[in-house]
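One structure is given here, and the rest of the page talks about it.
The values are calculated or read from the model by the stated rules, or taken from the named source; none is laboratory data. Model, not experiment: these values are computed from the prediction. Note that we place each Cβ from the backbone using ideal geometry, even for glycine, and neighbour counts take in every protein chain shown. When the accessible area is computed, the model is the full protein with side chains, heavy atoms only, and any ligands, DNA or RNA have been set aside. Shrake-Rupley method; radii C 1.70, N 1.55, O 1.52, S 1.80 Å.
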Amino acid sequence: MNNIRVRFAPSPTGYLHVGGARTALYNWLFARHMGGVLILRIEDTDVDRSKPELTTAILESLEWLGLNWDEGPIYQSQRLDRYHAMALSLQSSGHAYPCFCTPEELQSKRAKAEAERRPWKYDGTCRALSHADRDRLLAEGRPAAVRFRIPDSGKTSFEDQVFGHIEVEHRDLEDFVLLRSDGHPTYHLGVVADDIDLRVTHVVRGADHISNTPKQILMYQALEAPIPVFAHLPLILGPDKQRLSKRHGATSVGAYREQGVLPQALVNFLALLGWTPPGQKEIVTIEEMIRDFDLGAVSKSNAVFDLEKLAWMNSEYIRHLSPEQLLPLVERELAGAGLPVRDPGMGVQEEERFKQIVLLLQSRARTIQDYAGPFRAFFNDEFAYEPGAVKKFWKDGSIASLLEALAERMAAANPFDLAGTEAALRTLAEEKGVKAGLLINASRVALTGQAVAPSLFEVIVVLGQDRVVARLRRAADHLRSVPDNSTSPAA
Ligand code: GLU
């Protein structure tokens with residue numbers, strides 16, 4: 001049995017960001033690969049910005065992604081006594097000291113430094129106080145923060161599992177705050193106290209925390225606690241190589257869920273943001289990820305969040321869903337878009353037709369949302385003619401009368417099946433002296449509103465005779481009433 005223990009420690013000041021989800025995933029994969037334990041910790045000590053409903057949303061996103069934890073959630077807000085005790089013990093061992101500088105004093109010193117273009121770092125005013133002065137100020141009841149005392153000289157280094165050797169000179173660090181004067185612990189105090197108490201062996205987190213690590217290592221040393229292994233994960237950038245932000249589109253896991261991305265696809269996509277599985281495979285099952293995941297194989301180069309790739313991956317995953325998996329997802333999506341498919345009177349035949357439509361479109365769906373978006377016409381008579389499709393396939397002046405004539409042929413087609421409807425269309429094209437393609441493309445727009453759709457005759461058969469005839473007629477009427485090919489909704 002090994003004692004590998006890792007943690008994922010989100011702050012509930014926002015939704016679960018894709019970067020946070022990638023951190024959670026790598027911790028999860030590492031724990032599962034090593035047979036270790038994953039702890040979930042909620043870093044909710046920032047009372048102004050932390051919200052319980054955000055914690056709930058984060059937990060839901062993790063569950064949706066399938067990232068389960070073995071211990072926790074542990075709430076930092078319930079451990080304040082422990083942080084106070086730790087700050088006190090650092091003070092009694094001389095590794096920390098009370099700081100009486102007021103925010104105003106610090107602010108004006110900082111402003112002065114900035115005006116003189118000097119880098120600002122706490123100047124150590126209270127570090128130099130004599131015991132007597134300190135006791136006097138405390139006795140006066142002056143509010144005090146607690147600062148960590150950085151050693152005067154030397155340096156701190158560590159071997160990052162991803163970034164390699166990292167070291168910092170102590171003179172470049174400042175005496176940072178552990179406890180604020182209002183009694184609230186800072187991030188450093190909470191994180192180190194918890195990682196020690198939870199016996200965390202590996203800290204796997206975003207590269208934005210690299211600069212925090214030397215300070216935290218100094219705390220471990222001061223507390224004579226074993227130092228965990230650190231692995232920092234590369235930053236995630238947008239396609240313009242800037243740090244991923246809302247400017248680049250959705251950044252929360254919940255938003256991708258709403259957009260119809262499958263959790264398996266998102267997990268696969270996130271796994272590759274910094275890690276290349278053996279064989280450079282792109283589509284990797286969870287089992288393969290767990291089997292092959294290796295912190296040492298994580299790259300330190302920034303990872304680019306490529307939405308096109310996510311869309312491709314999602315369509316791959318959608319294509320491989322079984323009907324039993326796909327149908328309920330589509331039903332939920334349609335219901336959410338106000339396109340109910342399950343009316344209580346739905347007979348077996350309608351049920352079967354619904355299934356046929358969903359499966360017919362499966363290989364074309366990039367997200368589940370497509371079913372209520374571009375595929376809407378398959379589920380509802382109210383749909384719009386897509387402007388690009390109209391421009392491309394309805395420009396010929398004869399289209400209205402051709403569609404009208406086709407409606408008559410479709411009404412008469414018997415049997416109304418693939419071969420019968422195709423023969424009807426081709427015969428009409430020949431009689432009218434037009435290419436069958438012209439009629440096929442024009443009909444596709446009439447029936448689905450779109451320029452691309454599955455094979456027209458399959459579409460015709462699943463839509464059914466009555467609907468096909470009605471839609472062809474409606475398109476002809478529409479074209480006659482708006483000769484300039486306006487694209488207003490068909491209904
Ligand atoms: N709460 C921190 C964050 O959300 C995590 C800090 C850590 O992993 O040490 O970035």
Inset, instruction - Find the cysteines in the chain that fail to meet the 4.7 Å Cβ criterion with every other cysteine, and list them. - result: Cys101
Inset, instruction - For the chain, find the longest principal axis of its Cα atoms and tell me its angle to the long axis of helix 436-448, 0 to 90°, nearest 10. - result: 60
Inset, instruction - Evaluate the relative contact order of segment 182-247 (contact order divided by residue number), counting alpha-carbon pairs under 8 angstrom at least 6 apart; express in whole percent. - result: 34
Inset, instruction - When a/c is below 1.5 the answer is rounded, else prolate if a/b is larger than b/c, else oblate, so apply that to segment 364-491 with a ≥ b ≥ c taken from the square roots of the Cα gyration tensor eigenvalues. - result: oblate
Inset, instruction - Under 1.5 on a/c is rounded, so check that first for segment 372-447, then, if it is not, pick prolate when a/b is larger than b/c and oblate when it is not; a ≥ b ≥ c are the square roots of the alpha carbon gyration tensor eigenvalues. - result: oblate
Inset, instruction - Just report the Cα centroid separation between segment 62-113 and segment 435-457, whole Å. - result: 64
Inset, instruction - Along Cα→Cβ, 7 Å out, is where each label goes; now give me the distance between the ones at Val47 and Leu80 in nm to one decimal. - result: 0.5
Legend entry - Nearest 10 degrees, 0 to 90: helix 348-362 Cα axis against the chain principal axis: 60
Legend entry - Rg and Dmax of segment 1-148, Cα atoms only, in Å: 20.7, 58
Legend entry - Which listed pairs, of Lys241/Lys309; Lys51/Lys246; Lys241/Lys300; Lys121/Lys215, have C-alpha distances above 25 Å, in listed order: none
Inset, instruction - Could you work out the relative contact order of the chain, using alpha carbon pairs under 8 angstrom and six or more residues apart, expressed as a whole percent? - result: 12
Inset, instruction - Using only the Cα atoms of segment 164-283, construct the convex hull and provide its projected area averaged over every direction, in square nanometres to one decimal. - result: 11.4
Legend entry - Calculated P(r) of segment 342-404 - Cα pairs past 17 Å, %: 58
Inset, instruction - Quick one: angle between helix 213-222 and the longest Cα principal axis of the chain, in degrees between 0 and 90, rounded to 10, please. - result: 40
Legend entry - Centroid-to-centroid separation of segment 165-235 and segment 347-387 [C-alpha atoms, Å]: 52
Inset, instruction - Determine the shape class of segment 257-309: with a ≥ b ≥ c the square roots of the Cα gyration tensor eigenvalues, call it rounded for a/c under 1.5, and otherwise prolate if a/b is greater than b/c, oblate otherwise. - result: oblate
Legend entry - Candidate residues Lys215, Lys355: accessible-area rank, largest first, probe 1.4 Å: Lys355, Lys215
Legend entry - Residues Tyr220 and Asp240, FRET efficiency given R0 of 60 Å [Cβ-Cβ distance, rounded to 0.05]: 0.95
Legend entry - Rel. contact order, % - alpha carbon contacts under 8 angstrom, at least six apart, segment 227-336: 36
Inset, instruction - Binning at 10 Å from 0, report for the chain what percent of all alpha-carbon pair distances ends up in each bin. - result: 4, 15, 20, 18, 13, 11, 9, 6, 3, 1, 0
